Ligand SMILES: Nc1ncnc2c1ncn2[C@@H]1O[C@H](COP(=O)(O)OP(=O)(O)O)[C@@H](O)[C@H]1O
Ligand SMILES: [Mg+2]
């Protein structure tokens, strides 16, 4: 099982290596815009939950980016599948479906981590240094794992690249804005909070923010993230089985 | 050795394969011939585990493709109909990743890559990105990649479609060489001369059914030795003869212009399927 997973992961790394300069540039744009527009322009005097807005925003951007970047492998898999037919090379190879899923999920998590390093460096230039402790990384690992698994599952279910973009526009993008990333959800009406509580990203933002600002971790967030991850990777595995026509 | 027993495949309303039976010997070069949509690709996809069969059995060197998938997949290499290389990676990287997928150790991957690039005469393209290669070179890289793990069976799905005549001949020479090195080859094509030139045995597939299965020589002999083509009310009519004398006698009675030639595999195909291949 390990060799198959490594082969899939290695292939994704080789492709990422070739694209790294472009990837870094692309991954920097949106966090930079958020930091300038919401953080810098709003000034130091806006306080949220007892810290400056920049301090509030940066962990939110990390949560957002670890989700969107981990999920972005869905479109890579799609292009490889529908356009280049490379997926057939993996289907014909003597590797198990679980190694395929594991390799692609690792690739998605790697993208997420690259984007997080970029945000941490950007944050440093804006004068915000977060505490990158064990619970900070654990929350990021779980969050990127969840969305990379979701990406693999979706990529197997969709019938075209257009379906994929639709899912991104209707599910991923709204979640990126509403999942406790840009503003605290405590001020919203209770019914809205209840809905947002169902989104894994809300828990990830909460956990990442608490850890990075040095607060005590809320273990229930981690348990929810872990269970969601276990569910999503199982779904991804079933979807790969279904992808054979 | 490849054994197909009672193979059937339904795609919703279409029955793509109907009771296909085949027994292909070790080391044989077998051609699977049929017009577009006959079910050639479907058969190969089933044998390589890409598509589920509806009913029947497929054995590759004794391993059942449904029951024992991983073992069966190790026996074969696949060159699919459409190019499916990683365009953003180099030729060597494409082969290397294939070797990893088939659990080859690093050293073996390096030496096999060099050996195959030499075999295919593309050593100078080792570090070239695949997207910069011509169609003919991409085909050769595809074949090299499929041979990376030294499979005992090689599936080639229309390996020369869309290539120039001289490049096609080059691929034929490579295919012959691979067979001489002991690999069983299952080749699909809709170019009849390709099958006639390469294959020891040929199966004609029409609408998912095998309509004939024999050596090219036997299939042609059943038709006769000589053929006369003539235009009959804007239709090409062909008549077959066992001997030259018989053909000559027929020619003497002809009023229109005609051509006398040797029987070829296409004659057998047209007669058996009632269709032009292309
Ligand atoms: N994934 C699929 N879904 C539905 N029908 C298919 C699918 N793949 C092939 N077919 C149908 O099965 C038949 C055989 O196709 P194929 O095996 O590709 O033929 P060939 O390779 O001989 O040209 C065709 O009628 C084709 O339309
Ligand atoms: Mg085909």
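The set of residues from region B:201-217 being away from ligand 1 (no atom under 16 Å from the Cβ) and either within 12 Å of the chain's Cα centre (by Cα) or within 14 Å of chain A (Cβ to nearest Cβ) (or both) comprises just one member, B:201. Looking at region B:60-76, can you tell me whether even one residue there is free of Cβ contacts under 8 Å to residues at least 40 places away in the same chain, within 8 Å of another protein chain (Cβ to nearest Cβ) and assigned to a loop (DSSP other than H, G, I, E, B)? So far as region B:60-76 goes, no, none of its residues is free of Cβ contacts under 8 Å to residues at least 40 places away in the same chain, within 8 Å of another protein chain (Cβ to nearest Cβ) and assigned to a loop (DSSP other than H, G, I, E, B).
Scan B:1, B:100, B:47 and give me the residue that is within 16 Å of ligand 2 (Cβ to nearest atom) and either away from chain A (no Cβ under 14 Å) or buried (at least 16 other Cβ atoms within 10 Å of the Cβ) (or both). It would help to see each step written out before you state the result.
Details: B:1 fails: within 16 Å of ligand 2 (Cβ to nearest atom); B:100 fails: within 16 Å of ligand 2 (Cβ to nearest atom).
Just one listed residue meets the conditions, B:47.
Is it true that some residue in region B:94-106 is away from ligand 1 (no atom under 16 Å from the Cβ), free of Cβ contacts under 8 Å to residues at least 60 places away in the same chain and at positive phi? Looking through region B:94-106, at least one residue is away from ligand 1 (no atom under 16 Å from the Cβ), free of Cβ contacts under 8 Å to residues at least 60 places away in the same chain and at positive phi.
Please return the ranges of helices (runs of 4 or more DSSP H) entirely within region A:1-97 where 1 or more residues are modelled with pLDDT of 95 or more, within 14 Å of another protein chain (Cβ to nearest Cβ) and touching a strand residue (DSSP E or B) at 6+ places or on another chain (Cβ under 6 Å).
Numbers: elements: A:2-34, A:53-71, A:73-78, A:87-92.
Because the criterion is at least 1 residues that are modelled with pLDDT of 95 or more, within 14 Å of another protein chain (Cβ to nearest Cβ) and touching a strand residue (DSSP E or B) at 6+ places or on another chain (Cβ under 6 Å), the helices (runs of 4 or more DSSP H) in region A:1-97 that meet it are A:87-92.
Only residues that are in a loop (DSSP other than H, G, I, E, B), more than 9 Å from ligand 1 (Cβ to nearest atom) and more than 13 Å from the chain's Cα centre (by Cα) were counted across region B:22-43, and they come to 3. Criterion applied to B:32, B:11 was being more than 13 Å from ligand 2 (Cβ to nearest atom) and either in the same structural domain as residue B:186 (by TED's automatic domain parsing) or touching a residue at least 12 places away in the same chain (Cβ under 8 Å) (or both), and the one residue passing it is B:11.
Before we move on, is residue B:59 within 16 Å of ligand 2 (Cβ to nearest atom), assigned by TED's automatic domain parsing to the domain that holds residue B:161 and surrounded by fewer than 23 Cβ atoms within 10 Å (Cβ to Cβ)?
On the way: within 16 Å of ligand 2 (Cβ to nearest atom): no; assigned by TED's automatic domain parsing to the domain that holds residue B:161: yes; surrounded by fewer than 23 Cβ atoms within 10 Å (Cβ to Cβ): yes.
Taking the combined requirement at face value, the residue does not satisfy it.
Does region B:169-180 include one or more residues that are assigned to a loop (DSSP other than H, G, I, E, B), over 14 Å from residue B:79 (Cα atoms), modelled with pLDDT under 95 and more than 16 Å from ligand 2 (Cβ to nearest atom)? No: region B:169-180 contains no residue that is assigned to a loop (DSSP other than H, G, I, E, B), over 14 Å from residue B:79 (Cα atoms), modelled with pLDDT under 95 and more than 16 Å from ligand 2 (Cβ to nearest atom). Do we find that residue B:86 is in the same structural domain as residue B:193 (by TED's automatic domain parsing) and without any contact (Cβ under 8 Å) to a residue 40 or more places away in the chain in this structure? Answer is no for this residue.
Those residues that are within 16 Å of ligand 1 (Cβ to nearest atom) and outside any loop (DSSP other than H, G, I, E, B), I need them from region B:190-200; list them, please. Even if it seems obvious, please write down each step before you answer.
Just the residues of region B:190-200 that are within 16 Å of ligand 1 (Cβ to nearest atom), to begin with: B:190-192, B:194-195.
Passing the criteria: B:192, B:194, B:195.
All of B:147, B:154 fail the test of being more than 16 Å from ligand 2 (Cβ to nearest atom), closer than 18 Å to residue B:195 by Cβ and touching a strand residue (DSSP E or B) at 6+ places or on another chain (Cβ under 9 Å), apart from B:154.
Residue B:118 meets the conditions (1) under 28 Å from residue A:18 (Cα atoms); (2) buried (at least 18 other Cβ atoms within 10 Å of the Cβ) in every case but one. The failed one is (2).
So which of B:145, B:109, B:140 ends up being away from ligand 1 (no atom under 16 Å from the Cβ) and more than 14 Å from chain A (Cβ to nearest Cβ)?
Details: B:145 fails: more than 14 Å from chain A (Cβ to nearest Cβ); B:109 fails: more than 14 Å from chain A (Cβ to nearest Cβ).
Just one listed residue meets the conditions, B:140.
Where residues in region B:74-90 are closer than 20 Å to residue B:178 by Cα and away from ligand 1 (no atom under 16 Å from the Cβ), which of them is farthest from the chain's Cα centre (by Cα)? Step by step, filter region B:74-90, then rank; the result is B:74. Which one is nearest to the chain's Cα centre (by Cα) among residues in region A:3-30 that are surrounded by 15 or more Cβ atoms within 10 Å (Cβ to Cβ) and under 13 Å from residue A:69 (Cα atoms)? Among those that are surrounded by 15 or more Cβ atoms within 10 Å (Cβ to Cβ) and under 13 Å from residue A:69 (Cα atoms), it is A:27.
Only one of the listed residues (B:205, B:154) is assigned to a strand (DSSP E or B) and surrounded by fewer than 23 Cβ atoms within 10 Å (Cβ to Cβ). That residue is B:154.
The values are calculated or read from the model by the stated rules, or taken from the named source; none is laboratory data. Predicted model only: the values in this text are computed from it and were never measured. Cβ atoms come from the backbone with ideal geometry, glycine included; neighbour counts cover every protein chain shown.
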